[in-house]
Every structure is written in structure tokens, then in C-alpha cells.
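Below is one structure; the comments refer to it alone.
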Amino acid sequence: MFIKSAYKWKKGVYSLSEKREEQLDVLKDFFLGLNAIYIVDNGHGMSRTSIENYWMEIGTENKELNYVSVRERVKTGAKGIGRFALDRLGYKSELWTVGKAKKNKGAYWKMDWKQFDQSNKRLDEIEADLEETVIDLKSFLLTTFLASPHVLSQIKGVDFKSGTIIKISNLRDIWREEDQVKVFKSLEELVPPKELQIGFNVAFFSLQQPKLFGQIDSAFVNDFDYRVDANYHSSTSQIDLTFVRNELELSEVKKNFASVFKGQKAPYNIQTLQTKKFTFGRSAFELLKWEKDKLNESRLHALGDFSFSFYFLKNSQSKDYPYKDFNAGERQKVLKKFGGIKIYRDSFRVRPYGDIGNDWLKLGERSAASPAGAGQRIGDWRVGPNQIIGSVTISRIKNPNLVDKSDRSSLIENDSFGLLKSIVTGIIAQFELDRSVILNKFYNDIQEKKEKQRELEIQAEAEKLADKIIEERERVEEQIYGNKQDLFKSSKQKAQKDSFRKIIELSFQKFEKPESQDAEIAQVRNLASLGLIVSSFAHELRQVKNNSNDIHDLEGIFVKLVSDADKKTIDFQDGINIIETLKSDSEKIAHWVEYSLSAIKKDKRKRASLKFSAYFGNLAKQWGKVLSDRNIRLSIADNISVNYHFRAFEMDMNTIFSNLISNSIDAFNRLEVVRRREISISVDAKGKTIEVFYSDNGIGLPKVFEKNKEEVFLPFTTSKKDKDGNDVGTGLGMYLVKNVVNDNNGEVQILDSKEGFKLKILFPLREK
């Protein structure tokens, strides 16, 4: 594109008479008439017939029927209205074009758009000039831009045996420098990234400021932490993934962290880290946590093939892990220029996806909901929208259901577009998981080393303080008793010093709180806020509970007011049925109010000695009404016969078993066969371990977790979907179960089960 201006317009700053203003307008129109915009390409051009039948015909089906160009590219645009944007730019348009096999025989077209401003003219009275003529496009351009060496250098190296030149003159607007900068930046965003390997270049020139613009640079990233390439195959619902890890300083990893990866399997072993690149596949059903049925298969097939590539770039330096050094300033410039995930259809940009402020995948919301530092918890970390450069590549042919809105403002938000978003987000989640697994190994190793160092520092400090205490004690005793000989003085000093040292160490360990930046802090705050709300309304909740009991009195009043004759009517029976329903609902309200208020009692927020026998007895009472209403039987087998010591928060145990029971209820709701519904909990003390088995006979672990059962413990991972396949579960229940067990130094394992779901929990304990 070339912008040719004969005069650089500046509006006067002085007050002018009306006549002077009219003169100024005339001058303005004159100079605007000398300005022009040239749009030039060396494509396959057009024939006179094409211009006559398609160029000026509104809404033709030409690109719908003949959607592949001579160079086997899919044509962009299909509505037949894009060319009318010429009218918006200027009052006059001219076009010179030569077809691919015409040998300079081309067509000239001229249009005066002011005709459309004449209110008395009908559409069929609008006229344009069109003639066949011999055109040498290259000579035309070399002559036109003879005084512009920077443009000539661009033209000379290009073959113009075919192509099109459009000239827009008598411009409607003044093209100031800032307007030209906007166009240049917009073209940078429109030009597809280099990895798409599209064989054309775009240049933008302003003849008045030749050094300001030039060749358009498309997104090219060679300094990155991760690169992910994904290809979705709709026929098999399979996704091929290639990861390139480029974040770690491998020499430092081998030197200081080799033991961390010892015995690890690919892709989490040291060999894969050194190779950097690895490939693997995922089924879309696995990625989306969908059940495999005909409806879902049909939806995935209808989406069509697409590809997705993105780069992850940290935009600030960090010494938390053995990262490579990088230039943060340069990265921030690249992210500002090319950041976001854009959509390209047949190599042309689909706006507004990936524009500044357009977070169409809601990466910002995901990151805000899980603000954990990378590596602190596996699966917690989320990438931010300002750390990623990516492109989704779709096609008119392969993705017919991904269609533009009528005004081309965006894609229609139909089922296929929603599915595209879900799969793209799922691919990003695979990257997030991979990065958190790798960095978690460093995090745990660093924390372990810090803890050992802390223990050594505590021991050294305790040693110093113990020496000072012994020294001070001896000084005081000498003052009181004199310097008496004591044959056992040395052994006594050692025993006293050891005693003091142990006491001091325990004190340091008790009161020194190591820093933590777990994502759970945010989650706990959120849960704590909910607890505060419940506490704030405790009085009102108790009143609700008490008032609900008045429904029983209502039944007596209703029976008394109705005569014996009326008691035989249908209306009376309906009234009794309504009261029975209200009684049942009031019991449920009373139960949940009692459960909510008891869950936040102060004694449950203290770590104390916990007896599982008593705890499970209370658990059965708390859930009794809920389970009974759903015909679910809860059986608890208490096999503990020894005295033991186990300290824990009762709220922690509630987190574990309330989530498990809630999941079981949902599993029974989705059960498609009739069977007796049962939840079983057994507890036993074996050696220095409390062993808890939990099971139900519901639908069992969803099939999407069969290959890797541990995925059920990842945050925000759920198989609970609505009819459109969207998540309806929080994906935090089993994640919290795992975390609570881990925080109590326990282990949790999902067991194989022929029917339903089975899980084992182990807690360490000390014999009393």
C-alpha cells in the first residue's frame, strides 16, 4: 500500500471569517483531490468478464462456488461487499488489472462514487467505466513512483506479469501521521505469523515520510520459554501435540538438580529435558473430560480440522528456579506487539480475536481464579493473557460451521465456536500442567533444602544460646556457692546443654513460620469469607430453623378450621399434601442450617486430638437426612481397637468426606440402572497408620480418567457437564481432598473397582 500526498494539511489556529473558512474548505478539497492511496499486488489479476460479473455485483456467489485461487489458496471474503470500502476512502477509484495468462492484455475500470450521493439516482443508473487495454503493470508502477526510490526498490524485485493496481483518489479524509501509524500497526496484526508459511509479503509506504514505514514484520518469536503446536483431526477426534521446552538452563539443572529427575519416566526425565522437544497425542474426549457417545462424536466431527500454535514468554525475570536469562524489556515489546491468541481463516486474520483487551478465551479470569506460583502445586498455575502469543488456524472448507456474523465483527457464537474455545483452552491446560509438573520438582527440592538449612540454623542458634545459658548459670552459681570442685561437672554441663538446646529448638520450630505462597491461600480466603457470611447471619439462620417448625402447627390449625364434610373433598387433600411437602422441605432447611452453623464452630477450627470413631458417628448424623431422602444407605465399619494419638482439624476431615459424599450423591443421580444405593466407610488402625476405605456403588470413576486416575485430583478438572458440554462442576472437590490428605502427611489412592468408586486414605499416627 502506498499513500501519496501532495500537501501535508494543518488546520489554521487563527479565527477566520466565514468567507475565509469557505476558501479554506475549497483549498482543503483541492489538496485532498491531489492525494491518493495505491493498493498493489502481483496476484492472478482479473479479466474484464470478472470485473463486469463479480467485481461490481453485490453479494455474488463467485467466492462461495470458486473458493480456490489459481495459486491454490482459499479465497477470503464471500459476501461480495468488501470492495465497496473503496467508497469510504475516496470519491474516485481506478483499477488496472492483468490476468495470469493474458500477456499484458488487461482491463481498466473507473468509478465515481459521488453518484451514490445523488438522492434521485436509482442503483441501476449508477455507471462505471470499463475497457480492455494493454497494460504493463511494472512499467506503470515504475513511472508513477519515479520520485520515490524506496518504493522503486520494492517494485524492482517483484514479478508483475499479472496482478492488480487500485488507485483511490479525491480522499474523504486527511491522512495524518498518527492515522498512517494505526494502519501500519493494524497490518502487522493482520499479516499471518511466519510459522503459517504463507508465501506473500506486505509493505506499507508513505511517500512523504519514506523512512517511517516499510516491510510489514509478521510475528516471529525466537526467544521463548515454551512452544506448543497442536493439530486437531475431526475424523478421529484426536489431537497431536508437540511441546518444545526452552525455559531451563540445562547446565545448572544437571549440576544442581540431577537427582530430582532420577528414575523419572519420559517426558519428565532428564533426557527429554535435554532434547527439549517431545510429541504425544490426546483424545478430545480426554481433553474435555467428555463421555464418548454419538452426540459428542457428532459435535467433534462437525467442528472440522484446525491447528493451534502458541509461545509462552515470561515477561519478568525470576530466580526461583534454574531459568535461562533473557531480556525482559525485549520480551515485553514483543508481547505488546504480537501478544494474544489470534484466529486466522485461510491465512487472513479474523478480528477481533487477540486484539488488545480481547481475551476471548478468558485466560485472565482463569489466572485470577488460580493465582498460584508456578510449581507450588501440580496443576494450580495458570498462564496469563499477557504471557502468550498464539494463532488458531481455521478454513472455510474444513470448518464450515465457523462463520462470520453478517457485519463481520466476529464469528457467530454457535456450538462449533464454543467447542473450538474449549479445545484450545484444553490444549493450553496441557501446557500448564506440563510446566507445573516440571517446576514442582524444583520447588519441592528447593523447599526440602531450605528446611534442612533452617534446621541447621536453628541447631546452631540453639547451641549458642545453650552455651550462653550454661555459662551464665555457672557464673551465678560461682557467685553464690564459690568455686567448688565437682567431679561430675562436665557430664552435668553436657546433659543440661542438651536439654536446653532441645527446648530452644522446639521453641524456634513452633514460632518460626516459613513463608508460603500457595494458591490455596486465595481459596482458603474465599472459603473463609463464605464462613464469615454464614456467621454474620447465624441469628437469622437459627430463626429460619425455628420458624420452619411452625409448619407442624399449621397442619393442626388447618385441620381444625375445616369441617368434617369438607375434609372429604379433593381441595382438603390437596391442602394436606402441600403441608406435607412444606414439612419435608422445612426439615431439609433445618438440617442444612444446623450443618452450616456446626461446620464453622470454633472448636472445629482448632487442631486437636481426633478420634475417628466419634467423628464418623457425627458424620452419619449430619448427612443422615440428606442421604435418607435420596434412598442412600451409609454404613460405617469401625475396626479400631487400639489406643492411638492423631491430631488434626475436624474441618479438614469434613472437607475430605463431605466432598466424597457429595460426589457419590451426584454419581447416584447419574446412575442409569436400578440398584440399592450404598456408601461404605471402613476405618482401622494398623501399626502406625490409620487406614480408611471409602466406596460407593454409583457410576464409578468416569471413563475419561481411566488412563490416568491421578488426573481426578487436578484443580478445575471435572467430568460434570451440562447438555452443551460445558463444565458445571467446580473441579475443586477431589483437589481439596488430595491437598488435605497431603497436609496431614497422608496418602490417598483411587482403587480399581468392578462396581462404583473406591478410594483408600492412609494417615500416619503416633501410638499414645
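Before moving on, here are some points about what is shown:
- Residue check for Thr242: under 13 Å from Tyr226 (Cα atoms) and exposed (fewer than 15 other Cβ atoms within 10 Å of the Cβ): yes
- The set of residues in region 609-624 that are within 40 Å of the chain's Cα centre (by Cα) and of a type in the set (Ser, Thr, Tyr) contains only Tyr615.
- Remark: pairs (first residue in region 660-675, more than 14 Å from Ser719 (Cα to Cα); second residue charged (D, E, K, R) and not in a loop (DSSP other than H, G, I, E, B); Cβ separation under 7 Å; 6+ apart in sequence or on different chains) = Phe668/Arg677.
- Filtered residues of region 712-752 (kept if under 19 Å from Ala372 (Cα atoms), modelled with pLDDT of 85 or more and surrounded by fewer than 20 Cβ atoms within 10 Å (Cβ to Cβ)): Asn742
- Restricted to region 602-665, the set of strands (runs of 3 or more DSSP E) holding at least 3 residues that are over 15 Å from Asn744 (Cβ atoms) comprises 632-638.
- Extreme residue, modelled with the highest pLDDT, among residues of region 614-644 that are open to solvent by 50 Å² or more (accessible area, probe 1.4 Å) and more than 24 Å from Gly756 (Cα to Cα): Ala614
- Applying the criterion of being polar (S, T, N, Q) and part of a strand (DSSP E or B) to the residues of region 264-298, the residue that is farthest from the chain's Cα centre (by Cα) is Thr279.
- Cβ pairs under 8 Å, 6+ apart, first in region 172-193 and under 21 Å from Ser218 (Cα atoms) and among the aromatic types (Phe, Trp, Tyr), second modelled with pLDDT under 85 and open to solvent by less than 30 Å² (accessible area, probe 1.4 Å): Phe184/Ile216
- When Phe278, Phe257 are checked against the criterion of being within 20 Å of Ala429 (Cα to Cα) and open to solvent by less than 40 Å² (accessible area, probe 1.4 Å), a single residue qualifies: Phe278.
- Set Ser206, Ser218, Ser234: member being of a type in the set (Ser, Thr, Tyr) and modelled with pLDDT of 90 or more: Ser234
- Count of residues meeting criterion [open to solvent by less than 70 Å² (accessible area, probe 1.4 Å) and either in a helix (DSSP H, G or I) or aromatic (Phe, Trp, Tyr) (or both)] in region 113-143: 9
- Qualifying position, being assigned to a strand (DSSP E or B) and closer than 24 Å to Trp175 by Cα, among Tyr91, Tyr108: Tyr91
- Members of region 144-165 found to be surrounded by fewer than 18 Cβ atoms within 10 Å (Cβ to Cβ), over 46 Å from the mean Cα position of the chain (by Cα), part of a helix (DSSP H, G or I) and not aliphatic (A, V, I, L, M), listed by number: Pro149, Lys156
- Hey, Leu288 open to solvent by less than 50 Å² (accessible area, probe 1.4 Å), within 26 Å of Pro702 (Cα to Cα) and either among the hydrophobic types (A, V, I, L, M, F, W, C) or out of contact with any helix residue (DSSP H, G or I) (no Cβ under 6 Å at 6 or more places or on another chain) (or both) or not: yes
- Qualifying residue in region 686-701 (condition: surrounded by 15 or more Cβ atoms within 10 Å (Cβ to Cβ), at positive phi and touching a residue at least 24 places away in the same chain (Cβ under 8 Å)): yes
Residue-wise test of (1) in contact with a Ser or Thr (Cβ under 8 Å, 6 or more places away or on another chain); (2) open to solvent by 40 Å² or more (accessible area, probe 1.4 Å); (3) under 15 Å from His301 (Cβ atoms).
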| position | (1), (2), (3) |
| --- | --- |
| Pro385 | yes, yes, no |
| Thr393 | yes, no, no |
| Arg396 | no, yes, no |
| Pro400 | no, yes, yes |
| Ser410 | no, no, no |
| Asp415 | no, yes, yes |
| Ile423 | no, no, yes |
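- Given (1) in contact (Cβ under 8 Å) with a residue 40 or more places away in the chain; (2) open to solvent by 60 Å² or more (accessible area, probe 1.4 Å); (3) under 18 Å from Asp434 (Cβ atoms); (4) touching a helix residue (DSSP H, G or I) at 6+ places or on another chain (Cβ under 7 Å), number of the condition Ala266 does not satisfy: (1)
- Scan region 299-333 for residues that are open to solvent by less than 70 Å² (accessible area, probe 1.4 Å) and either part of a helix (DSSP H, G or I) or of a type in the set (Gly, Ala, Ser) (or both) and the total you get is 12.
- Val228 vs. criteria surrounded by fewer than 19 Cβ atoms within 10 Å (Cβ to Cβ), of a type in the set (Val, Ile, Thr) and assigned to a strand (DSSP E or B): no
- Residue within region 335-350 that is more than 13 Å from Ile389 (Cβ to Cβ), surrounded by fewer than 21 Cβ atoms within 10 Å (Cβ to Cβ), of a type in the set (Phe, Trp, Tyr) and more than 15 Å from the chain's Cα centre (by Cα) present: yes
- Verdict on Ile168 being surrounded by 16 or more Cβ atoms within 10 Å (Cβ to Cβ) and assigned to a strand (DSSP E or B): yes
- None of Ile343, Ile378 is of a type in the set (A, V, I, L, M, F, W, C), touching a residue at least 12 places away in the same chain (Cβ under 8 Å) and more than 18 Å from Ser422 (Cα to Cα) except Ile378.
- Considering residues of region 90-110 that are of a type in the set (A, V, I, L, M, F, W, C) and modelled with pLDDT of 90 or more only, the residue nearest to Gly163 (Cα to Cα): Val98
- Residues (under 16 Å from the mean Cα position of the chain (by Cα) and more than 12 Å from Phe306 (Cβ to Cβ)) located in region 390-429: Gly390, Gly418, Ser422, Thr425, Gly426, Ile428, Ala429
- Residues in region 240-263 that are assigned to a strand (DSSP E or B), under 18 Å from Glu432 (Cβ atoms) and out of contact with any helix residue (DSSP H, G or I) (no Cβ under 8 Å at 6 or more places or on another chain): Thr242, Val244.
- Residues in region 352-371 that are open to solvent by 20 Å² or more (accessible area, probe 1.4 Å) and in contact with a Ser or Thr (Cβ under 7 Å, 6 or more places away or on another chain): Pro352 alone.
- Lys79 vs. criteria modelled with pLDDT of 70 or more and either on the phi > 0 side of the Ramachandran plot or assigned to a loop (DSSP other than H, G, I, E, B) (or both): no
The values are calculated or read from the model by the stated rules, or taken from the named source; none is laboratory data. Quick caveat, the model's predicted, so the values are computed rather than measured. Neighbour counts are summed over all protein chains in view; Cβ atoms, including those assigned to glycine, are modelled from backbone coordinates with ideal geometry. These accessible areas exclude ligands, DNA and RNA; they are computed on the full protein's heavy atoms, side chains included. Shrake-Rupley method; radii C 1.70, N 1.55, O 1.52, S 1.80 Å.
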